[in-house]
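Reviewing the structure listed below.
Please treat every number below as a calculation from the coordinates, not as lab data. Predicted, not measured: the structure shown is a model, and the values here were computed from it. Cβ coordinates were reconstructed from backbone atoms using ideal geometry, including for glycine residues, and neighbour counts include every protein chain displayed.
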Amino acid sequence: MPVSIGDVARLFYNGHVAVFPVRHGMQCRAAGVDLRRTAIVSEPIDGLGGTPGAAVVVVDRPGRLVVRTSSDGRQLLAISERFHRGWRATVDGRPHAVTRINGDFIGCVVEPGTHAIAVGTKMA
């Protein structure tokens, strides 16, 4: 379920990805890729599925976002925060990879179940 701030969804789950080189993101949108349901990535992400999960923002401040998630399948959490290689993530306190999605946003693959996800520029 999307969490909205104004007209832009702050975060939501994607169960599907479309693989395109990052520089072709605008072409994907023009081709009709629905970014509310499908994330654009430059490398395949295997095993995504299930129904869209739920995500609730717990903390949202500059350089730090904490989210509680729940899903019945492996999902890609899409965060409308500008991607930078300095971003780090933890899932349930353990280091976890972030990936660039939709050209310039942050994505984090989340396994089924309930999790606490923290994304930030300085992770302790």
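Phi angles across segment 114-119 convert, under the Karplus curve 6.51 cos²θ - 1.76 cosθ + 1.60 with θ = phi - 60°, into 3J(HN,Hα) values of 10, 9, 10, 10, 10, 10 Hz, Gly and Pro given as x.
Each peptide in 36-44, 54-62, 76-84 gets a packing score, the mean of other Cβ atoms within 10 Å over its residues, and the list from highest to lowest is 76-84, 36-44, 54-62.
Rounded to whole numbers, the Karplus 3J(HN,Hα) couplings from phi for segment 51-63 are 7, x, x, 10, 9, 10, 6, 9, 9, 9, 9, x, x Hz, using 6.51 cos²θ - 1.76 cosθ + 1.60 with θ = phi - 60°, and x at Gly and Pro.
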